[in-house]
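Notes follow once the structure below has been shown.
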Amino acid sequence: YEVMDAQQISYPDNSFDIVIANLMLYHIPDRKKAISEISRVLKDGGAVYATTYGRDNMKELNDLVKDFDDKLFSSLEPLARAFGLENGEEQLSYSFDKVEMIKYVDSLEVNEAEPIINYILSFSNAKEKMDEDKLRRFNGYITDILEKNGIIEISKDTGIFIAKKPN
């Protein structure tokens with residue numbers, strides 16, 4: 001493997017059987033160019049495997065944090081708007097004739113506050129806005145919900161696109 005700019009892949013045409021784009025196409029400014037480049041370097045019959053989120057990924061967690069403080073957390077929803085389950089097929093179809101989406105149906109059941117808090121703090125804007133007092137209140141907020149409900153269920157909305165280049 002090699003890490004490079006997907007908008008300018010430094011390999012000749014028809015170089016690869018498979019290209020993997022794992023949770024990254026939504027970061028690319030010119031996705032149409034990147035997808036065209038991926039198609040260009042694939043051999044006939046080759047495929048790109050592109051994973052992404054849907055707009056409802058971790059919706060319950062987003063809502064939970066927003067109810068505590070709507071300025072605290074950036075959800076993954078803007079990434080899904082850029083290249084997600086709802087629009088990825090259309091974007092890939094510009095360069096590929098055959099695109100299949102496979103949804104990954106799953107959820108998380110969280111029964112402790114610490115994993116949720118650590119996840120939220122992994123986002124820079126949350127860490128910047130969370131002083132000791134707010135962190136203590138957030139911990140109490142999550143703990144209260146867990147004591148009341150036993151668990152917090154967080155649905156995942158993820159999947160993979162498989163786009164194949166014709167033989």
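The values are calculated or read from the model by the stated rules, or taken from the named source; none is laboratory data. Quick caveat: nothing in here was measured; it's all calculated off a predicted structure. Every residue, glycine as well, gets a Cβ built from its backbone with ideal geometry; the counts of neighbours run over all protein chains shown. The accessibility values were calculated without ligands, DNA or RNA, using every heavy atom of the protein model including side chains. Shrake-Rupley method; radii C 1.70, N 1.55, O 1.52, S 1.80 Å.
Pick from E112, E147, E37: which is most flexible by mean-square fluctuation in a GNM of the chain where alpha carbon atoms under 10 Å apart are linked?
E147
Determine the shape class of region 70-114: with a ≥ b ≥ c the square roots of the Cα gyration tensor eigenvalues, call it rounded for a/c under 1.5, and otherwise prolate if a/b is greater than b/c, oblate otherwise.
Oblate, because a/c is 1.5 or more while a/b does not exceed b/c.
Given just the C-alpha atoms of region 100-146, how large is their convex hull per residue in cubic angstrom?
Details: hull volume 4.3 nm³, N = 47.
Roughly 92 Å³ of hull volume per residue.
Considering only the other residues whose Cβ falls under 12 Å of the Cβ of K66, what net charge follows from Lys and Arg at +1 and Asp and Glu at -1?
Result for the neighbourhood of K66: -4.
Rounded, prolate or oblate: which fits the chain when a ≥ b ≥ c are the square roots of the eigenvalues of the alpha-carbon gyration tensor, with rounded for a/c under 1.5 and prolate only if a/b beats b/c?
Values: a/c = 3.22, a/b = 2.34, b/c = 1.38.
Prolate, because a/c is 1.5 or more and a/b exceeds b/c.
What list of ³J(HN,Hα) couplings, whole Hz, do you get for region 32-40 from phi and the Karplus terms 6.51, -1.76, 1.60, once you set θ to phi - 60° and write x for glycine and proline?
Once rounded to whole Hz, the list reads 4, 5, 4, 5, 4, 5, 4, 4, 4.
For region 42-95, rounded, prolate or oblate, judged on the Cα gyration tensor with a ≥ b ≥ c (square roots of eigenvalues), a/c < 1.5 rounded, else prolate if a/b > b/c?
Prolate is the answer for region 42-95, as a/c is 1.5 or above and a/b outweighs b/c.
Residue by residue through region 99-108, what is 3J(HN,Hα) from phi via Karplus (6.51 cos²θ - 1.76 cosθ + 1.60, θ = phi - 60°)? Round to whole Hz and write x for glycine and proline.
10, 10, 10, 10, 7, 9, 8, 6, 7, 10
Quickly rank 13-23, 48-58 as a protection proxy: mean count of other C-beta atoms within 10 Å, highest first.
48-58, 13-23
Whenever you get a sec, compute what percent of the accessible area on the chain sits on carbon and sulfur atoms (1.4 Å probe).
With neighbouring chains kept in place, the figure for the chain is 48 percent.
For n ≥ 4 DSSP H runs only, could you compute -39500 (n - 2.57) per run for the chain, divide by its residues and tell me the 222 nm figure to the nearest 500?
Helix contribution divided over all residues of the chain: -11000 deg cm²/dmol.
Taking K and R as +1 and D and E as -1, what net charge do the other residues with C-beta under 10 Å from the C-beta of K43 add up to?
Residues close to K43 contribute a combined charge of -2.
List every residue whose amide H lies under 5 Å from the amide H of K156, counting only residues 5 or more places away in sequence or on a different chain, with H placed 1.01 Å from N in the peptide plane.
Placed amide hydrogens put M58, D106, S107, L108 under 5 Å from K156.
Ignoring ligands, DNA and RNA, what accessible area per residue does region 1-92 give at 1.4 Å, in Å²?
54
Using alpha carbons only, how many angstrom separate the centre of region 103-167 from the centre of region 15-37?
Spelled out, the Cα-based centre of one part sits 27 Å from the other.
Kindly flag which residue pairs out of K103/K165; K66/K156; K71/K127; K33/K71; K33/K127; K98/K156 have an alpha-carbon separation exceeding 23 Å in this structure.
K33/K71; K33/K127; K98/K156
Rg to Rh for region 1-95: what is it, with Cα atoms only and Rh by Kirkwood?
Reported Rg/Rh, Kirkwood definition of Rh: 1.09.
Treating the angle as unsigned and between 0 and 90°, give the value, to the nearest 10°, between the Cα long axis of helix 59-68 and the longest Cα principal axis of the chain.
Long axis of 59-68 versus the principal axis of the chain: about 40 degrees.
Could you work out Rg/(2.2 N^0.38 Å) for region 117-167, with Rg from alpha carbons only? If you can, show how the numbers build up before the last one.
Numbers: Rg = 18.3 Å, N = 51, 2.2 N^0.38 = 9.8 Å.
Here the answer is 1.86, to two decimals.
With contacts defined as alpha carbon pairs under 8 Å and 6 or more residues apart, what's the relative contact order of region 32-167 in percent?
45 percent.
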